[in-house]
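The values are calculated or read from the model by the stated rules, or taken from the named source; none is laboratory data. Quantities reported herein were computed from a predicted structural model and do not represent experimental measurements. Every residue, glycine as well, gets a Cβ built from its backbone with ideal geometry; the counts of neighbours run over all protein chains shown.
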Amino acid sequence: MAEGSRIEWTDHTFNPWTGCTNISPGCDHCYAEAWSKRSGHVRWGNNPRKRTTADYWKAPLIWNARAARFQAQHGRRQRVFCASLADVFDNQAPPEWRADLFALVRATPALDWLMLTKRPQNIAEMLPDDWGGGYANVWLGMTAEDQVRYDQRWRHLAAVPATIRFVSYEPAIGPLRLPADAEAYPDWMIIGGESGGGARPMDPAWARDAIADCRRLGVAPFFKQWGAYGNNPLVREQAMTPAEAKGVDAAGKGGGMVDGKVVREFPTEAMNSTASGAA
Ligand code: SF4
C-alpha cells in the first residue's frame with residue numbers, strides 16, 4: 001500500500017480505498033481480506049468501502065515529481081499497482097471516489113497506472129468521459145485464475161480501448177490456454193501459483209503452456225512464482241527437496257524459474273513509451 005512494493009511487477013502500490021467482496025474462486029484466499037481481518041481497518045464483504053486518507057493520496061504526486069530521477073536510475077517509467085486491497089471497478093465503491101482517482105491519474109502523467117480487476121464487465125461504464133482510446137498512462141488488467149474465468153472476462157476487457165491490456169493468471173488454480181483464433185489478445189500476461197496457508201497446487205504444465213501460448217501469440221509473459229516449492233518442477237520432476245530447490249531457484253515464493261530460466265517480460269510498447277500524459 002505504498003512506495004517500494006514487494007510485488008515483482010510494480011514499483012508502488014496505491015489503494016484509493018480499501019474493502020471488497022469475494023466474487024470468484026480466485027478470491028478464496030484473498031490476502032487483502034486476511035489483512036482486513038488482522039488489522040480491523042475495514043469490514044470485508046458487503047460493507048461500506050473505506051477511503052484512504054488525503055495525505056496518502058499525495059504519494060503518487062511525489063512519485064510523479066521524482067520521475068526524472070527514477071528514469072535516470074532505472075531507464076524506464078515507474079509502475080503503480082492500483083489497487084491491492086480493493087477493486088477499482090467495484091460497483092460498491094462510490095463513483096465520486098473513482099472520479100477522484102482518475103483525476104489523480106491525469107495529474108501524474110509520468111506514472112504508469114496498472115489497474116487490475118476481477119470485474120471487467122464494469123469497466124466500460126466506469127471510465128471517465130475523456131477516456132477516448134485509453135489514457136496513455138493506464139494499463140487495464142483483469143485476473144483470470146482459470147479457463148472459465150478467462151472465457152467469461154476477457155471479452156469485456158477486449159472491448160475496452162486501452163494503451164495496454166493485461167491478464168493476471170494468478171493464483172493459477174486450473175489450466176488456462178489462450179484460444180488460437182481469438183480476435184484480440186492481451187499485451188501482457190502475469191502467471192503465478194497461489195502462496196500461503198491452504199494454497200491450491202499449480203501444475204508446471206499450466207505455466208509452460210501459458211508461456212508457450214504467449215510466445216506464439218505475441219503476448220509478453222511474466223512468470224512471477226510457483227507459489228510453493230511443492231509446485232516447482234525441480235521438486236515435482238527432478239526429485240529435489242524444497243531446500244535444495246530453493247538453493248537453485250530463490251526467485252519469488254516457491255521459486256520463479258521455468259525450466260532453468262526467469263521469464264519476466266513486460267509489454268514492449270509500454271517499456272519504450274515516451275508518453276507524457278493522459279490521452
Ligand atoms: S476481487 Fe480481489 S480484492 Fe476483491 S475479494 Fe477478490 S481477490 Fe480480494
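Total residues in the stretch 129-173 satisfying the condition of being buried (at least 18 other Cβ atoms within 10 Å of the Cβ) and closer than 20 Å to ALA199 by Cβ: the figure is 11.
Out of all the residues in the stretch 17-29, which are more than 27 Å from LYS58 (Cα to Cα) and either more than 8 Å from the ligand (Cβ to nearest atom) or in a loop (DSSP other than H, G, I, E, B) (or both)? Of everything in the stretch 17-29, those that are more than 27 Å from LYS58 (Cα to Cα) and either more than 8 Å from the ligand (Cβ to nearest atom) or in a loop (DSSP other than H, G, I, E, B) (or both) turn out to be ASN22, ILE23, SER24, PRO25, ASP28, HIS29.
Of the residues contained in the stretch 74-95, none is found to be farther than 29 Å from GLU33 by Cβ and among the polar types (S, T, N, Q).
Take the stretch 1-16 and flag every residue that is outside any strand (DSSP E or B) and touching a residue at least 40 places away in the same chain (Cβ under 8 Å). The answer is MET1, ALA2, SER5, ILE7, GLU8, TRP9, THR10, ASP11, PHE14, ASN15, PRO16. The single condition among (1) touching an Asp or Glu at 6+ places or on another chain (Cβ under 9 Å); (2) modelled with pLDDT under 95; (3) under 21 Å from SER168 (Cα atoms) that PRO25 does not meet is (2). Evaluation of CYS20 against the conditions (1) of a type in the set (A, V, I, L, M, F, W, C); (2) touching a residue at least 60 places away in the same chain (Cβ under 8 Å); (3) over 22 Å from ILE7 (Cα atoms) shows that the sole unmet condition is (3).
Please count how many residues of the stretch 96-126 are away from the ligand (no atom under 16 Å from the Cβ) and among the aromatic types (Phe, Trp, Tyr). Within the stretch 96-126, residues that are away from the ligand (no atom under 16 Å from the Cβ) and among the aromatic types (Phe, Trp, Tyr) number 2.
Of the candidates GLY45, GLY40, the single residue that is more than 16 Å from the ligand (Cβ to nearest atom) and over 26 Å from TRP154 (Cβ atoms) is GLY40. When residues in the stretch 179-200 are screened for being touching a Cys at 6+ places or on another chain (Cβ under 7 Å) and in a loop (DSSP other than H, G, I, E, B), 0 of them pass.
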